[in-house]
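Engineer: Just dropping this structure here.
The values are calculated or read from the model by the stated rules, or taken from the named source; none is laboratory data. This is a predicted model, so every value here is computed, not measured. Here the Cβ positions follow ideal geometry from the backbone for every residue, glycine too, while neighbour counts run over all protein chains shown. Side chains included, ligands, DNA and RNA excluded: accessible areas come from the protein's heavy atoms. Shrake-Rupley method; radii C 1.70, N 1.55, O 1.52, S 1.80 Å.
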Amino acid sequence: MCDLRATEALPAIRRAFAEDRIDTQVTDIEYTELEMQGRDPLAGNAIEQRAKRREQEPLELALKCTKCSRERRHKIGVLYIDLGTVDRQARGEKTKYSELIIPKRIVCPKCGAVDQYELGLFANFTVTGDLVRRQMRNQPINTNEGNIRYLRFALRDGRQMHPREAIEVMQKEVAANPRDADLRVRLGNIYRFLGYLEEAIVEYQAMLAIDPNHFEALLNWGRILGVQEKPAAARQKLNSAIHALENAAHYSALEKLGIADAVKMEIAELERDGKFDPSILTDLAPFTQTLPAPTRRSSATPAPTAHATPQKIGRNDPCFCGSGKRYKHCHGQ
């Protein structure tokens, strides 16, 4: 069709791309449209311009289904690489889970397998290229910035643990202590981080049945509802979270003011856009990270051991919301 300049076929071609019926490793809609218009997709600085645009978009990688071997591109937003798992593999230890962590469910469009994938050839090139670029620019490897992030996930007591292992640990603790509200919300936070939103909501609901005014559960449930494009319900939960924050014992008065202002900004964003960007659910330093380590048992909320939230945030410090931006360019505006 491109060779024939059959522009009348463009609507059908666009639908085929939208329905994931065309392998985007072979071509993409932008390349196809340029060819249809008789323009050379490789001319001038077109390649560089497309590369820059892709860097600003959520990460898209070719993943190979380990069940049916189909390889397709998936928009995944962010790819985390667990350095603790990498270290164990380097020591020759067998690991139950891959070092690759994609904070959303990956469903194979062919066989329907869930979260059964490995990086395709070109995805491996992307990850390797990112690592090489960081080394050439002397950028730190252990970082929570960019679309590919290298971190050591840990429990609050300092034990390094893959998030999926943390789910198993917390599930056992919840089964042993089903009325423990903090355990419930921390298990929900891990589900939320990994993109298992319905499972997270179940834990938040169970938690709020025990403690109807738990700030963390209300805040994170509200964020999930915002991502699910349920603005009215999300706004109600976030407003309830602000009221619950007044009686939260884990925060200083100064922290409460900053957190309340940040949640109000989220409500304003929700009213403006009608939804939240999914990245709000995968921050590694949500407001719950300001909680001190519990004395009875550890929290299994995934968190980088290299970062701590300061009591007073400077304008040039990293923002406490986990966006990777400086406070003055994020919630400090």
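Engineer: Hey, any hits in the stretch 284-295 for a residue that's among the β-branched types (V, I, T), modelled with pLDDT of 60 or more, open to solvent by less than 20 Å² (accessible area, probe 1.4 Å) and at negative phi?
Structural biologist: The answer is no; no qualifying residue exists.
Engineer: Also: Determine if the stretch 20-31 includes at least one residue that is acidic (D, E), at pLDDT 85 or above, on the phi < 0 side of the Ramachandran plot and assigned to a helix (DSSP H, G or I).
Structural biologist: Scanning the stretch 20-31 turns up no residue that is acidic (D, E), at pLDDT 85 or above, on the phi < 0 side of the Ramachandran plot and assigned to a helix (DSSP H, G or I).
Engineer: Residue under question is P278, and the condition is that it be at pLDDT 85 or above and over 14 Å from H214 (Cα atoms); does it hold?
Structural biologist: yes
Engineer: Name the one entry in R186, R164 that is open to solvent by 20 Å² or more (accessible area, probe 1.4 Å) and either touching a residue at least 12 places away in the same chain (Cβ under 8 Å) or closer than 19 Å to W221 by Cα (or both).
Structural biologist: Answer to the selection: R164.
Engineer: Does Y204 count as within 26 Å of G77 (Cβ to Cβ), free of Cβ contacts under 8 Å to residues at least 60 places away in the same chain, of a type in the set (F, W, Y) and open to solvent by less than 30 Å² (accessible area, probe 1.4 Å)?
Structural biologist: yes
Engineer: Could you please let me know if E229 is assigned to a helix (DSSP H, G or I) and open to solvent by 30 Å² or more (accessible area, probe 1.4 Å)?
Structural biologist: Considered against the rule, which asks whether it is assigned to a helix (DSSP H, G or I) and open to solvent by 30 Å² or more (accessible area, probe 1.4 Å), E229 comes out as no.
Engineer: Here are some residues: R223, R235. Which one is among the charged types (D, E, K, R) and closer than 21 Å to K104 by Cβ?
Structural biologist: R223
Engineer: Could you go through the stretch 99-107 and let me know if any residue there is more than 30 Å from R159 (Cα to Cα), modelled with pLDDT under 85 and open to solvent by less than 90 Å² (accessible area, probe 1.4 Å).
Structural biologist: no
Residue by residue, here is whether (1) among the charged types (D, E, K, R); (2) part of a helix (DSSP H, G or I); (3) more than 22 Å from the chain's Cα centre (by Cα) holds:
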site	(1), (2), (3)
L238	no, yes, no
I242	no, yes, yes
A248	no, no, yes
Y251	no, no, yes
K256	yes, yes, yes
I259	no, yes, no
V263	no, yes, no
